[in-house]
1. Note the full-extension length gain between SER8 and ILE76 as 0.36 nm times their separation in residues minus their Cα-Cα distance, in nm to one decimal.
2. Note down the magnitude of the dipole of the chain about its Cα centre, charges +1 on Lys and Arg C-beta and -1 on Asp and Glu C-beta and zero elsewhere, to the nearest 20 debye.
3. Taking Cα atoms, how many degrees apart are the long axis of helix 48-66 and the longest axis of the chain, rounded to 10 and kept between 0 and 90?
4. Consider a paramagnetic label point 7 Å from the Cα of GLU65 along Cα→Cβ; state which residues of the stretch 1-25 have an amide N under 17 Å from it.
5. Output the 0 to 90 degree angle, nearest 10, between the alpha-carbon long axis of helix 17-29 and the longest principal axis computed from the alpha carbons of the chain.
6. Just want the answer: with Cβ charges of +1 for Lys and Arg and -1 for Asp and Glu, which residue in VAL3, ILE44, TRP21 is farthest toward the dipole's positive end in the stretch 2-77?
7. Can you pull a Stokes-Einstein diffusion coefficient for the stretch 2-77 at 37 °C (0.692 mPa s), Rh from Kirkwood over Cα pairs, as a whole number of µm²/s?
Amino acid sequence: MRVTAELSLYPLAGAVEEPVWAFIEHIIGANSCSAATNSMSTQITGESRDVFECVREALEASYAEFGRQVLVAKFIPEHHTDIEPPETK
């Protein structure tokens, strides 16, 4: 099943921009899901197992590097967005 997840990360201490950008870059770098960002959230679309794995990996890496954070996530099954998948090489 395809899903779209809308994600917002909130660091609980220290700088905000560095942890948020690192999290977004990890999501985009996974290449198993399509991603789009705006000033309020990041949306990723793909097969549910890929989306959940991408979020888990990015969150664990972010916790390890930056400490305590809150991730707000909304998952919408069978939701199609205007996000195009990355081109494969």
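1. Full extension of this stretch gives 23.0 nm more.
2. With only Lys, Arg, Asp and Glu charged at Cβ, the dipole is about 220 debye.
3. 10
4. Under 17 Å, as judged by backbone N against the label point of GLU65, lie 8-25 of the stretch 1-25.
5. 30
6. VAL3
7. 269
Any read-out appearing in this document is the output of simple, stated calculations on the displayed coordinates, not a laboratory observation. Predicted model, so just to flag it, every value in this text is computed and none were measured. So basically every Cβ, Gly included, is an ideal-geometry build from the backbone, and we count neighbours across all protein chains shown.
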